[in-house]
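Trainee: Sharing a structure with you now.
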Amino acid sequence: MPNTNQSHDNEIELILGNSKPSFSGITSTMLQVLPHQQKLINLRVMGKHHLPDPSIAISFWQTVKLCRKPLSNGKYRVFHARRVDEMIQAVTLKYLFGAKIKIVFSSAAQRFRSGFTLWLTRQMDAVIAISQRSANYLSVPPKLISLHGIETKNYAPAGDKQTSWQQLGYGGKYGIGILGRVRKQKGVHHFVNAAIEVLPRHPDFNAVVVGAISSGNKEFVDELKQKIAAAGLSERIIFTGELPFERIPPIFSSLSMVAALSDNEGFGLTVLEAMSSEAAVLATEAGAWEEIIRQGTDGYVVPVNDITAITEKMDLLLSDPQKLAQMGKDGRQRVLEHYTVEVEARRLVDFFRQVQNS
């Protein structure tokens, strides 16, 4: 697809930070939106980590050379940083090496910044908040609030959830689950404790806990398994352990309800992945979840660490499978209208062009 928005001679206009060798949620969001941005603007990624196409990688020194001069139209290139160390890289490029760049920082933190990080943020030409909650922690209001999108082709509902769930082999007619790193901060114990109380009243449902269990969390998980066994539910609440990434979307697509019960999140893509897969959601007031989930329509949002509320809402959701299925359909439609990677890519590129013109 030709890029009609690129400037003279197909010049590189956007540089994306990619400083972290280990894979993270920030890396995931960057990679999901990347191919859609490429259709709109000529870009390079500073750092080769996890790139599906290594040809778009650019080194720090190549960036120094590239940005010595502005674009042929006199405008500056945009450097998009998503991490503190990427802000450091961008500021070094601009003030030590004289790079002709405008720096944009996407802030996900839900805490007040201090010291050096606060100073770095003030050096930005523009700051984006990835949710209203993260915007509330910035010392200066952001120029844009831009919630993430999801690749809806990767996270799509099964044609028949009941059949799809049963084919996974976890038992029951329908499935509920919590996905991600298995640790206390993610609220896994709340999910398990609520399921122990609720599942005996809803015999058609079984539950899965999907995710890696580190050595430091083995005792935490062992205690939960003991509680499950004491309740006689070892065949209905299953820890899968870490699974290959390619097995995760099919699990999402088969689940009727997904819980996201973290104490805190930067954004929390799990909810969008679940909604895109037509699963109703039960989430805490963390990340961007309050802004995304329509209470009683796509699922429910409850206070952090409120086990009573979590249990009550889980019971309510499982008590009406038809309504549960409709919540999943409503959630999928909401994602398609507001939270796709295509929408996010267009919003970001339009904003970068505004920054170039400022």
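Trainee: Return yes or no: is L261 open to solvent by less than 30 Å² (accessible area, probe 1.4 Å) and closer than 13 Å to K186 by Cβ? Spell out the reasoning first.
Mentor: Values: open to solvent by less than 30 Å² (accessible area, probe 1.4 Å): yes; closer than 13 Å to K186 by Cβ: yes.
Spelling it out, L261 is indeed open to solvent by less than 30 Å² (accessible area, probe 1.4 Å) and closer than 13 Å to K186 by Cβ.
Trainee: Let me ask something else about it. Residue by residue through the stretch 136-155, note down the ones that are of a type outside the set (S, T, N, Q) and either without any contact (Cβ under 8 Å) to a residue 24 or more places away in the chain or closer than 15 Å to S277 by Cβ (or both).
Mentor: Narrowing the stretch 136-155 to residues of a type outside the set (S, T, N, Q): 137-138, 140-145, 147-151, 153, 155.
Once the filter is applied, which keeps residues that are of a type outside the set (S, T, N, Q) and either without any contact (Cβ under 8 Å) to a residue 24 or more places away in the chain or closer than 15 Å to S277 by Cβ (or both), the stretch 136-155 yields V140, P141, I145, G149, I150, E151, K153, Y155.
Trainee: Do the conditions hold for A325, that is, is it within 30 Å of P35 (Cα to Cα), buried (at least 16 other Cβ atoms within 10 Å of the Cβ) and in contact (Cβ under 8 Å) with a residue 40 or more places away in the chain?
Mentor: Values: within 30 Å of P35 (Cα to Cα): no; buried (at least 16 other Cβ atoms within 10 Å of the Cβ): yes; in contact (Cβ under 8 Å) with a residue 40 or more places away in the chain: yes.
No, not satisfied.
Trainee: Check the stretch 35-47 and report whether any residue there is assigned to a helix (DSSP H, G or I), surrounded by fewer than 21 Cβ atoms within 10 Å (Cβ to Cβ) and out of contact with any helix residue (DSSP H, G or I) (no Cβ under 7 Å at 6 or more places or on another chain). It would help to see each step written out before you state the result.
Mentor: Initially, the stretch 35-47 is screened for residues assigned to a helix (DSSP H, G or I), giving 35-38.
Filter again for surrounded by fewer than 21 Cβ atoms within 10 Å (Cβ to Cβ), leaving 35-36, 38.
Remaining after also requiring out of contact with any helix residue (DSSP H, G or I) (no Cβ under 7 Å at 6 or more places or on another chain): 35, 38.
Yes, there is a match, as at least one residue in the stretch 35-47 is assigned to a helix (DSSP H, G or I), surrounded by fewer than 21 Cβ atoms within 10 Å (Cβ to Cβ) and out of contact with any helix residue (DSSP H, G or I) (no Cβ under 7 Å at 6 or more places or on another chain).
Trainee: For the stretch 212-232, state whether one or more residues are aromatic (F, W, Y), part of a strand (DSSP E or B) and at pLDDT 95 or above. Break it down into steps so the answer makes sense when it comes.
Mentor: Step one: of the stretch 212-232, the residues aromatic (F, W, Y) are 220.
The next check asks that each one be part of a strand (DSSP E or B); those that pass are none.
Looking for residues that are aromatic (F, W, Y), part of a strand (DSSP E or B) and at pLDDT 95 or above, one finds none in the stretch 212-232, hence no.
Trainee: I would also like to ask the following. Do any strands (runs of 3 or more DSSP E) lying entirely in the stretch 66-134 carry at least 2 residues that are closer than 20 Å to L348 by Cα and touching a Gly at 6+ places or on another chain (Cβ under 7 Å), and which ones are they?
Mentor: On the way: elements: 77-81, 101-107, 126-129.
In the stretch 66-134, the matching strands (runs of 3 or more DSSP E) lie at 77-81.
Trainee: Would you please name the residue that is nearest to L199 (Cα to Cα), looking only at residues in the stretch 212-258 that are of a type in the set (S, T, Y) and open to solvent by less than 50 Å² (accessible area, probe 1.4 Å)? Show your work before the answer.
Mentor: Our first condition is that a residue be of a type in the set (S, T, Y); within the stretch 212-258, this holds for 214-215, 234, 240, 253-254, 256.
Those still in the list that are open to solvent by less than 50 Å² (accessible area, probe 1.4 Å) too: 240, 253-254, 256.
Details: T240: 18, S253: 21, S254: 18, S256: 14 Å.
That would be S256.
Trainee: Still on this model: Scan the stretch 313-325 and give yes if some residue there is under 20 Å from the mean Cα position of the chain (by Cα), more than 30 Å from I101 (Cβ to Cβ) and assigned to a helix (DSSP H, G or I), otherwise no. Even if it seems obvious, please write down each step before you answer.
Mentor: Initial filter on the stretch 313-325 (under 20 Å from the mean Cα position of the chain (by Cα)): none.
No, the stretch 313-325 has no match at all.
Trainee: Continuing with this model, one more query. Restricting attention to the stretch 269-287, which residues are acidic (D, E) and in contact with a helix residue (DSSP H, G or I) (Cβ under 8 Å, 6 or more places away or on another chain)?
Mentor: So the first thing to find is which residues in the stretch 269-287 are acidic (D, E), and the list is 273, 278, 285.
Correct list: E273, E278.
Trainee: Please state which of the following conditions F205 fails to meet, knowing it meets all the rest: (1) of a type outside the set (S, T, Y); (2) under 21 Å from T284 (Cβ atoms); (3) open to solvent by 50 Å² or more (accessible area, probe 1.4 Å).
Mentor: (3)
Trainee: Filter the stretch 264-321 down to the residues that are closer than 21 Å to G175 by Cβ and either basic (K, R) or open to solvent by 50 Å² or more (accessible area, probe 1.4 Å) (or both) and list them by number.
Mentor: Within the stretch 264-321, E312, K313, L316, S319, D320, P321 qualify.
The values are calculated or read from the model by the stated rules, or taken from the named source; none is laboratory data. Just so it is clear, the model here is predicted, and its values are computed rather than measured. We place every Cβ from the backbone using ideal geometry, glycine too, and count neighbours over all the protein chains shown. To get the accessible areas, we keep the full protein, side chains included, count just its heavy atoms, and leave off ligands, DNA and RNA. Shrake-Rupley method; radii C 1.70, N 1.55, O 1.52, S 1.80 Å.
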